[in-house]
Amino acid sequence: MKKPSKKFWIIAGIVAAVVVILVFVVLPTFTAQASKELEGLQTAVINRGNLIAEVGGTGTVQANQTAQLIWQTSGRVGTVLVALEDTVEQDQQLAELTESSLSQGIILAEADLVDARRNLDDLLASNASTARAQLTLAQAEIAMEDALEDRESKTYQRASSATLNGIRADLILAQQDLDDAEEFYSAFEDSAEDDVGRASALSRLSNAQKAYDRAKYNLEYAIALPDINEVSESDAKVEVAEAGLADAQREWERVKEGTDSDDIAAAEARLAAAQASYDLRYIIAPFAGTVTDIDALPGDQVTAGAFSMRIDDLSRMLVNVDVPEVDINQIEVGQPVRLSFDAIQGEQYNGKVVKVARVGTVTQSGVDFTVTIELTDPDELVLPGMTAAVNIITYELEDVLLVPNRAVQSEDGKQVVYILDGDGYMPVNITLGASQDSYSQVLSGDLQTGDTIVINPSELPNQSLPLPGPGSGGPMRGGGGL
């Protein structure tokens, strides 16, 4: 084996000297300069935590229902039946006017109310209408049968054969009586006019002639067919009977199963009208709630429309919040809400979204949608009219990897953060998920709990010359999942 030449050893010595200079002189100087440049950076340590996204706003507390109660008529206040903060039931009388101060119509409404209630009770309890309808129907059926029978008779002679025979017999007898009377009169025909026998014979003859004429007319009438007037009259009677039967049938169908519902509805309407007139003297609670304001004292003279008292249903406390259109699609019924009040220091309340408006309202600042929130844990400190600061929680993620939003850079269409590693740094590609004002969820990327990242990456040294240190000069981290 040939020994290295002297030239080789000279070159090797020069290289060794250069390495010593780099290691002990240049590199420490370069590292010190890099450390100095990194001193002004803001950093944060990556941790896992919960991510809560909220939409904020302000609104005013209101009761579930509110009613300003006014007097419906003029008069003098007689009795106030409740006090402030009293709990009242629906339809409870709260105050009344003295009867002597009311108009005659309102005073008489009490009698109308009694009559209307009695009529309704009778209608509900009585079967008289059904019985009347049944009787009317039976009578209408008989009338129809009679009318049809009468009309049928107009198709034939006015009398039957038996009737004609009787009429003919009457005519024969009348003829015989007339002949006898004429023969009897002939014996007195030449007597004086004042002769009693002649007068008696003349009277007999006259009566016999009338009886004969009447029998003859009856026979002629019975033999002949009815004339057109009789037929028309009979047809009209049939039509009247048909109409009466139809009316009776309809009435029977209406009430045969009991009292007609329309009759009951009419009676109930009359009762309601009488009740409404009678109630004009009272202030009546429209729903169950709490008396929150009273402006009525016994002896006060009031007019129609004058304020009397206020009722609030405090069983539910609601807050309406106007949400801008850019946020409204994040809001859903059932989402949890945090509320605080300037008037209640140090307390936080909970609520939930119960209604989201489907139509926006144009305002000076844009389009807003009204979101209604119900407090789920109100107490006696929360009062209608208070201003509430509202934070609607649109989503909440637990135990996720979080990164400050300020640390994320966009480079070449990719989301990048910079990790400090000793005295150096390196970029890491990441993919973000849910986000809020300060933090975002890391879905993927080579980023781990405990990594130190740069919050102000714009202050990093020239990124084309990565600083020495662990990982310095290596490839960009990224890719793998969490």
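Observations
- Seen from ILE284, the other residues with C-beta closer than 12 Å to its C-beta sum to a net charge of -3, counting Lys and Arg as +1 and Asp and Glu as -1.
- Taking a straight line from the alpha carbon of LYS237, these aspartates and glutamates sit under 19 Å away, with near neighbours fewer than eight places off in the same chain left out: GLU141, GLU145, ASP146, GLU149, ASP150, GLU152, ASP227, ASP247.
- Computed with a 1.4 Å probe on the full set of protein chains, the accessible area for GLU374 sits at about 30 Å².
- Prolate/oblate/rounded label for region 245-327 (Cα gyration tensor, a/c 1.5): oblate
- Counting only protein heavy atoms and a probe of 1.4 Å, the accessible surface of region 291-336 is 48% carbon and sulfur.
- Computed with a 1.4 Å probe over protein heavy atoms only, the accessible surface of region 54-143 comes to 58 Å² per residue.
- Area of PHE341 that stays accessible when all protein chains are in place (1.4 Å probe, Å², to 10): 10
- With the charge dipole of region 260-391 set up from +1 on Lys and Arg Cβ and -1 on Asp and Glu Cβ about the Cα centre, the Cα lying farthest toward the positive end among the listed residues GLN364, VAL382, ILE344 is that of GLN364.
- To the nearest 10, the accessible area of VAL45 is 80 Å² with a 1.4 Å probe.
- Residue order for LEU245, LEU339, LEU108 - accessible surface, 1.4 angstrom probe, largest first: LEU108, LEU245, LEU339
The values are calculated or read from the model by the stated rules, or taken from the named source; none is laboratory data. Since the structure is predicted, the reported quantities are computational estimates derived from the model, not experimental observations. Positions of Cβ are backbone-derived with ideal geometry, glycine not excepted, and every protein chain shown enters the neighbour counts. We work out accessible area using only protein heavy atoms, side chains counted, and drop any ligands, DNA or RNA first. Shrake-Rupley method; radii C 1.70, N 1.55, O 1.52, S 1.80 Å.
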